[in-house]
Structure formats: C-alpha cells, structure tokens
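Contents: one structure, followed by commentary.
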Amino acid sequence: MKAPLMLITGGGRGIGAATAKLAAQQGYQVIINYKKDRASAEKVVADITAFGGLVHCVQADISDTQQVSEMFARIRREWGAIKALVNNAGVLDQQAHFVDTTPERWQRIFQTNVFGTMQCCQEAFQDMALSRGGQGGTIVNVSSLASVYGSPNEYVDYAASKGAVDSFSKGFALEVAGDGIRVNVVRPGLIYTDMHADGGEAGRVDRIGPNLPLQRGGQPEEVAEAILWLLSDKSSYSTGGFIDVGGGR
Ligand code: NAP
C-alpha cells in the first residue's frame with residue numbers, strides 16, 4: 001500500500017522537525033516545507049532518509065499566497081494528493097508591550113500564522129474532500145496556549161493570531177466534517193525550540209519552566225506525539241478539538 005502523503009509547514013526545525021521524524025517512523029511519506037533555512041530542512045531529510053523513511057522538502061513562504069498555491073500545485077504534480085496536513089509554521093517577534101508594536105508587525109505575524117494556515121487548509125480541502133473526488137484526510141493546526149493566556153508584556157499580537165487559529169479551526173472543522181476531513185488543534189505551551197531566541201530570550205523556557213505544574217519546559221517530541229495521534233485513525237471520532245501540551249500551564 002502507498003504511504004500516505006503528509007505536508008508539514010515549517011518542518012525544518014523545532015516542533016515541525018520532530019513531527020516530520022515521528023511521521024516518517026510511523027510510515028508516512030513526509031513533505032517538509034521551509035521558508036529560508038534550507039540547510040536545516042536538508043538535515044531533517046538526511047536524518048529521515050538514514051532510517052529508511054520517505055521524505056521530500058519544498059521551499060515556500062507560507063505568508064505568500066502565490067507561493068502557497070505553487071507549492072500545492074508542485075506537490076500534486078510530483079507526489080499526488082496529500083492525506084494529512086500539519087500547519088506548523090509560525091512566527092513571533094521581539095518581546096514587547098503591545099502599545100509599542102506596529103501594524104506592520106501585526107500584519108507580518110497574522111500573514112503567516114493565520115492567513116498561511118487558512119490558505120493551506122483551503123488547498124488541502126481540494127485534495128481531501130469526498131465531494132471533490134478525494135478520499136478524506138486529517139489536518140492539525142498548531143496553535144499555542146498563548147491563545148488562552150494572552151502573552152501579556154511579551155507577545156499579545158502573537159497570542160491574538162493563535163486565538164484566530166483556534167476559532168478558524170473550530171469553524172472549518174465543523175464545515176468539512178461531512179467531507180471526510182477531521183481538523184484538530186494542538187496548543188503547545190513552553191517548548192524547547194529556537195523560537196524563543198527569535199523573540200529575544202533564548203533562555204525563556206528555563207526561566208518559566210520550573211514554575212509550571214509539571215515543573216519544566218516541554219520537548220518538541222512531546223508535542224509531535226499529540227499531533228501524530230490526532231492525524232491517525234486512533235483519533236477517528238475527534239474533530240474540532242484541542243489538545244493542550246503545556247505541562248499544566
Ligand atoms: P521554530 O523553531 O521557530 O520553527 C518555526 C519553523 O517555521 C521554521 O522552520 C521556519 O522555517 C518556519 N517558518 C516560519 N515562517 C514561515 C513561513 N512564512 N513559511 C514557511 N515556513 C515558515 O518554531 P517552533 O517553536 O518549532 O514552533 C512551531 C509551531 O509551534 C509554531 O506555530 C509556534 O507558534 C507553535 N508554538 C511553539 C511554542 C514553543 O514554545 N516553541 C509554544 C506554543 C506554540 P525557516 O527556518 O526556513 O524560516
């Protein structure tokens with residue numbers, strides 16, 4: 001049987017890379033999308049290839065509608081219809097009080113985290129929907145617990161973008177359930193990745209982690225497990241749902 005095709009946006013590092021490796025181990029044919037860090041994406045490809053997994057990588061900026069369309073067209077042409085999608089690519093900006101941030105910054109964050117996710121869902125629908133001749137599929141949108149607690153004094157705009165991802169995912173899940181597509185959300189808490197350095201505090205997880213109920217930050221692999229479960233048939237009765245992977249935060 002042909003290995004089901006999975007696309008992971010932002011799969012070159014962090015949670016996306018951990019998800020790509022676990023997916024390949026579980027028998028998916030994985031397509032890793034990256035934006036600019038080709039070397040990291042190729043390292044993930046090499047790691048997966050080394051244990052005999054099936055993997056490809058495609059460059060595209062998820063915040064650019066033209067590039068997203070072209071990426072999906074290329075995937076269909078070269079490998080076929082996707083069966084699973086992980087909208088993982090996400091960005092934040094330097095820690096700041098919201099009143100000091102600019103509309104350009106909000107737009108940049110929303111363009112990737114919200115509109116990129118929405119467009120990829122629309123494209124995936126074309127591949128998966130029973131009413132379009134597809135065979136169904138599963139989607140996981142990677143949000144954040146920031147959508148719940150709002151990230152005051154750090155990333156309120158980022159938190160708002162993840163709130164939009166939560167609302168969008170719920171509505172979209174209910175719209176496409178009859179088309180054989182399940183859509184769920186994973187909301188990580190504080191996870192050890194390079195994203196925190198991008199926000200200006202590389203040691204953020206070590207600073208806050210000990211104060212959480214589970215008294216530590218999480219690993220990308222712990223998030224990947226939740227994502228893979230939601231993509232698999234083991235979660236066959238779950239759609240429009242949320243799994244929080246945040247150490248009790
Ligand atoms: P990360 O280490 O910063 O990795 C993000 C990945 O997204 C990078 O590989 C990057 O690719 C890619 N990316 C960014 N913008 C993109 C774009 N426009 N188009 C395509 N790819 C793009 O992040 P992470 O910590 O693994 O986070 C993954 C997801 O989990 C994000 O949605 C994030 O919001 C969410 N999350 C993370 C945490 C945490 O504590 N780490 C907590 C809650 C939620 P390039 O390097 O090629 O640019």
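Things worth noting here:
- Modelled this way, with points 7 Å down the Cα-to-C-beta line, the labels at residue 98 and residue 202 are 3.1 nm from one another.
- When each of the peptides 39-48, 120-129 is scored by how many other beta carbons lie within 10 Å of its residues on average, the order from highest to lowest is 120-129, 39-48.
- For the pair residue 74 and residue 175, label points projected 7 Å from Cα toward Cβ lie 2.7 nm apart.
- Peptides 173-179, 216-222 ranked from most to least packed give 216-222, 173-179, packing being the mean of other C-beta atoms within 10 angstrom over each peptide's residues.
- The chain - percent of accessible surface contributed by carbon and sulfur, probe 1.4 Å: 52 percent
- Per residue accessible area in Å² of the chain, where ligands, DNA and RNA are left out and the probe is 1.4 Å: 45 Å²
- The range 5-245: Lys pairs at Cα distance under 28 angstrom, eight or more positions apart or on different chains: 20
- Theoretical ellipticity at 222 nm over the chain - DSSP helices of four or more residues, -39500 (n - 2.57) apiece, nearest 500: -12500 deg cm²/dmol
- Computed from the Kirkwood radius of its Cα pairs, the Stokes-Einstein diffusion coefficient for the range 5-245 at 25 °C and 0.890 mPa s stands at 137 µm²/s.
- For residue 218, residues with placed amide H under 5 Å, excluding near neighbours: 190, 191, 192
- Amide H to amide H distances under 5 Å link residue 54 with 30, where only residues 5 or more positions off or on other chains count and H is placed in the peptide plane.
The values are calculated or read from the model by the stated rules, or taken from the named source; none is laboratory data. Worth saying up front: this structure is predicted, and the values here are computed from it rather than measured. Every residue, glycine among them, receives a Cβ derived from its backbone with ideal geometry; neighbour counts consider all protein chains shown. With ligands, DNA and RNA removed, areas are computed over all heavy atoms of the protein, side chains included. Shrake-Rupley method; radii C 1.70, N 1.55, O 1.52, S 1.80 Å.
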